[in-house]
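The values are calculated or read from the model by the stated rules, or taken from the named source; none is laboratory data. Because the structure is predicted, anything quoted here is derived from the model rather than measured. Reconstructed Cβ throughout: ideal geometry from the backbone, glycine too, with neighbour counts over all protein chains shown. To get the accessible areas, we keep the full protein, side chains included, count just its heavy atoms, and leave off ligands, DNA and RNA. Shrake-Rupley method; radii C 1.70, N 1.55, O 1.52, S 1.80 Å.
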Amino acid sequence: YTILSKVHSDRNVYPSAGVLFVHVLEREYFKGEFPPYPKPGEISNDPITFNTNLMGYPDRPGWLRYIQRTPYSDGVLYGSPTVENVGKPTIIEITAYNRRTFETARHNLIINIMSAEDFPLPYQAEFFIRNMNVEEMLASEVLGDFLGAVKNVWQPERLNAINITSALDRGGRVPLPINDMKEGVYVMVGADVPFSSCLREVENPQNQLRCSQEMEPVITCDKKFRTQFHIDWCKISLVDNTKQVSTFQEVIRGEGILPDGGEYKPPSDTLKSRDYYSDFLITLAVPSAIALVLFLILAYIMCCRREGVEKRNMQTPDIQLVHHSAIQKSTKELRDMSKNREIAWPLSTLPVFHPVTGEIVPPLHPDAYDNTSMPLMQTQQNLPHQTQIPQQQSAGQY
């Protein structure tokens, strides 16, 4: 079903084009490349990460993916080789980083892609498994169980796992970290026989209606997957390459002779000089002259055509001028009065007679005194010419 190889230094692998390729980078192997812990006998569990790239390039080939969840888990290289790379050795540089000692170890993986005789398989189906992550699905026993379930439903003679893709690579969202939710994975398989009736049930109008209403379709063979794999049947894709219409158009090649268009006459070697005076007049001189005329007209209107105050007064009736002058004079008088105005104190706050002598109390402030900052109501202590009334004493003191 798939090619599964363990990591070794400078290892040669021979995957087939169009068949899923899986290569595991085991941390246990690279632990021997790094020094052990200072204490003898202690089990080392260094965090190790991997970096993979095509030799001479910063990234991997387009068909090859890499995943490693944590520095304490193994890394996995996986993908489906293409036919264009058949016969071309692909050298992948694998660099292991020890996150405790900051040391590195490098090995080369030489991928020799072979051509498959039965590829491409004409009938291909892509399943979306909701309860799996990509690294869980890449395990040989899990992938074998899934292919066994598909084979029981499909009954083909040849069945290959073509590709595995994480739902995150298809635009899926990262699941919430609750209830051990999975991101989901797409698994594409190919076979040499037409699709079974069970797989065709997804195309029924009733199931299509249920899928449009976000309901689970009714599939008879779902129970064969449900024990281990939760398949979203609304996202299954069935591709029949035998019915694909070829868009290739045969190119009709001619004799390679152009039709006769007469004798070729190249331009002369001597070119005449061009006069740009007329272009200058049209582009600069004419707009500048028009702008200057408009400026002079506007200046004459704004500066030389002003009537002035005297002409305005001559054309205004005398009665209107008298009214205007009276309004200005009254406004000026009101403004002068507002500057020197004073607010008289309320009579209720001023004493009329002195409480002892009985004389009339003079004003509290002179006329020129600025009383704008004085309070409207004064306390009894602030009043001048006022005597303190003696308090009654207790009878025992008399």
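Worth a mention:
- Farthest toward positive dipole pole in the range 120-244 [+1 Lys/Arg, -1 Asp/Glu at C-beta], among 133, 217, 186: 217
- Given a 1.4 Å probe and the protein chains as shown, residue 324 ends up with an accessible area of around 100 Å².
- Note, ³J(HN,Hα) from phi for the range 81-98, Karplus 6.51, -1.76, 1.60, rounded to Hz, x at Gly and Pro: x, 9, 5, 5, 9, 5, x, 10, x, 10, 9, 9, 8, 10, 10, 9, 10, 8
- For residue 11, distant residues with modelled amide H under 5 Å away: 108, 110
- Taking a straight line from the alpha carbon of residue 311, these lysines sit under 28 Å away, with near neighbours fewer than eight places off in the same chain left out: 329, 332.
- Sites matching GluC sites (Glu not before Pro) across the range 161-222 that sit in DSSP coil, with at most 12 neighbouring C-beta atoms within 10 Å: 214
- Too-long pairs where the Cα-Cα distance tops 30 Å, listed order kept, from 31/151; 182/224; 182/223; 31/224: 31/151; 31/224
- Bridge type composition, the range 7-117 - antiparallel percent by DSSP, nearest 5: 85 percent
- Remark: the residue 271-residue 239 segment gains 4.9 nm on full extension, using 0.36 nm per residue and subtracting the alpha carbon distance.
- Note on the range 45-99: with neighbouring protein chains present and a 1.4 Å probe, carbon and sulfur make up 52 percent of its accessible heavy-atom surface.
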